[in-house]
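In what follows, a structure is listed as structure tokens, so that the remarks can point back to it.
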Amino acid sequence: MQLIPCPWCGPRDEVEFTYGGAAHVPYPEDPQALSDEEWARYVFFRDNPKGPFAERWCHSASCRRWFNAIRNTATHEFLAVYGQGEPKAVVA
């Protein structure tokens with residue numbers, strides 16, 4: 001069992017959360033102008049680093065609020081959590 005720190009509810013069991021993919025991925029400024037290849041790149045292509053990575057999570061079994069987290073993809077440790085719209089957390 002892993003505890004994930006929800007910014008509003010505190011630490012909760014990982015089964016209460018839904019992964020939402022990479023955080024801070026900007027929506028295209030002019031989506032009508034994108035080619036199929038550019039849309040495919042926006043929708044499907046993401047970085048897959050080993051180490052700290054900014055992700056979106058939803059506490060779907062409780063407050064149902066989305067938040068961002070910095071998680072180490074090698075150890076699964078959550079290094080920081082912060083609300084949507086807040087600047088990316090800086091971790092050492």
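With pairing defined as another cysteine C-beta under 4.7 Å, the cysteines of the chain that fail it are C58, C63.
Over the chain, with every protein chain in place, what whole percent of the accessible area is carbon and sulfur at 1.4 Å, could you tell me? With neighbouring chains kept in place, the figure for the chain is 51 percent.
Springs between Cα atoms under 10 Å define the GNM used for the chain, and in it the highest mean-square fluctuation of E38, E14, E29 occurs at E29.
Mean-square fluctuations from a GNM of the chain, with a 10 angstrom spring cutoff on Cα atoms, peak among W66, W57, W39 at W39. Does segment 30-70 come out rounded, prolate or oblate, given a ≥ b ≥ c as the square roots of the eigenvalues of its C-alpha gyration tensor, rounded meaning a/c under 1.5 and, failing that, prolate meaning a/b above b/c? Since a/c reaches 1.5 but b/c is at least a/b, the shape of segment 30-70 is classed as oblate. Under a Gaussian network description of the chain, with springs only between Cα atoms under 10 Å, the residue in P49, P26, P11 that fluctuates furthest is P26. One chain, two ends: A33 and C9. Fully extended at 0.36 nm per residue, the span grows by 4.5 nm beyond their Cα-Cα distance.
Over the chain, the reciprocal of the mean inverse Cα-Cα separation, the Kirkwood hydrodynamic radius, stands at 14.4 Å.
Note that the chain presents 69 Å² accessible area per residue, ligands and nucleic acids not counted, probe 1.4 Å.
The values are calculated or read from the model by the stated rules, or taken from the named source; none is laboratory data. Here the structure is a predicted model, which is why all the values come from computation and not from measurement. Positions of Cβ are backbone-derived with ideal geometry, glycine not excepted, and every protein chain shown enters the neighbour counts. For accessibility, only protein heavy atoms count, side chains too; no ligands or nucleic acids. Shrake-Rupley method; radii C 1.70, N 1.55, O 1.52, S 1.80 Å.
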